[in-house]
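**Q** To start, I am sharing the structure in question, which I have written as structure tokens.
The values are calculated or read from the model by the stated rules, or taken from the named source; none is laboratory data. All of these numbers come straight from a predicted model, not from anything done at the bench. For neighbour counting, all protein chains shown are included, and Cβ atoms are generated from backbone atoms with ideal geometry for every residue, glycine included. We work out accessible area using only protein heavy atoms, side chains counted, and drop any ligands, DNA or RNA first. Shrake-Rupley method; radii C 1.70, N 1.55, O 1.52, S 1.80 Å.
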Amino acid sequence: MKFTATLSLLFATPSLIDAFIQNSPMKTSMGAFSTMPGGPEYRDSASLQSPDVIVQGGSLKTWAFSSPAVERVQVVLKTEGRPLDADVELWAGPDNTPHKMRVYVENGATRPFNAVMETPRGPNTVAVRNIGQLEFPMAAQIEAVSAAGPLGDMERFDHGPMTIQGGALRTYPFDPNVDSVQVLLKTDGRPLNSRLELLQGPNNNKQVIELYTEDGLDRPFYAIIETPGSGNVVRIVNTATVEFPLTCSVGAYSISDKNSFDEMQPVISGYGAENRNGGSDRDMFR
């Protein structure tokens, strides 16, 4: 049967081949299901099959992946508009934490945290701790994704790969029509210590990620950062010493067709081009 199917594909007409390509998963939309050429399978929060798990302030939730076939996990953290403050750790065996992150987001609804963690050589457990107060719950989605291909599509990175020496920093400004940015951090096998910040205005941190991985080649860091409004700048600091450089690649992930003044305004305290009342910022203050 396999030999017959192979022969039928070899001698198929171009119309049949085009129909097969049009019906393949690669032709589906970016929001529902996206497998970038040479990159990972990426889904937004609404398209993940795993349910939202509420993590109350001061509590801990864990997701265990006992199968060694799970080599990549997507982590999504969000709120209903309140600040988000969490610790995300990867446990691989007793008292072994090869990957950990401290995440702060000013508004978990406008800028949800979305990252992909490498989980080779299972079993592994992802632990999410809400270190905020009881008044600041959050929702977490943890799901295993395909590990085919490298993290990120290198052709879509506008900046990189660029080496950041220990103690140095790099900034990447983006245009107002850039809705989200992809960031890939890795090393040549040495530990990776860095701080990733999303700025909108002078020293106005909208999102901060403090990152540690024991092997930046085996466990690189890949994240999609939402950048609504204008004046967005991604700042990456190598917090390690000079003996531990890292390689950084940054680029626009999704681009919209914003062209009006209201659509390009900075998003402040959850409001921006589209505030919660459905109007513009100008309408709020009239």
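**Q** Counting only heavy atoms of the protein chains, get the accessible area per residue of the range 71-119 (1.4 Å probe) and round it to a whole Å² value.
**A** 35
**Q** With 18 Å as the cut-off, how large is the P(r) tail for the range 159-233, expressed as percent of Cα-Cα pairs?
**A** Counting every Cα pair in the range 159-233, those more than 18 Å apart make up 42 percent.
**Q** Same structure, new question: Need one value: the accessible area of T110 in square angstrom, 1.4 angstrom probe, rounded to the nearest 10.
**A** 40
**Q** Subtracting the Cα-Cα distance from 0.36 nm times the residue separation, let me have the gained length for N177 to M162 in nm, one decimal.
**A** Roughly 3.0 nm would be gained on extension.
**Q** Taking all protein chains together and a probe of 1.4 Å, list S59, S66, S249 from the most accessible to the least accessible.
**A** So the residues, ranked largest to smallest area, are S66, S59, S249.
**Q** Also: If the chain between N204 and R190 were fully stretched, how many nm would it gain, using 0.36 nm times the residue separation less the Cα-Cα distance?
**A** Extra length from N204 to R190 when fully extended: 1.9 nm.
**Q** Rounded to the nearest 10 Å², what accessible area does K61 have for a 1.4 Å probe in the complete protein model?
**A** 80
**Q** Of the GluC sites (Glu not before Pro) in the range 79-128, which ones lie in a loop per DSSP and count no more than 14 other C-beta atoms within 10 Å?
**A** Counting only loop positions with at most 14 other Cβ atoms within 10 Å, the GluC sites (Glu not before Pro) in the range 79-128 are E80.
**Q** Would you kindly state how much longer the chain becomes between E214 and D52 on full extension, computed as 0.36 nm times their sequence separation minus their alpha carbon distance, in nm to one decimal?
**A** Length difference between fully extended and current span is 55.4 nm.
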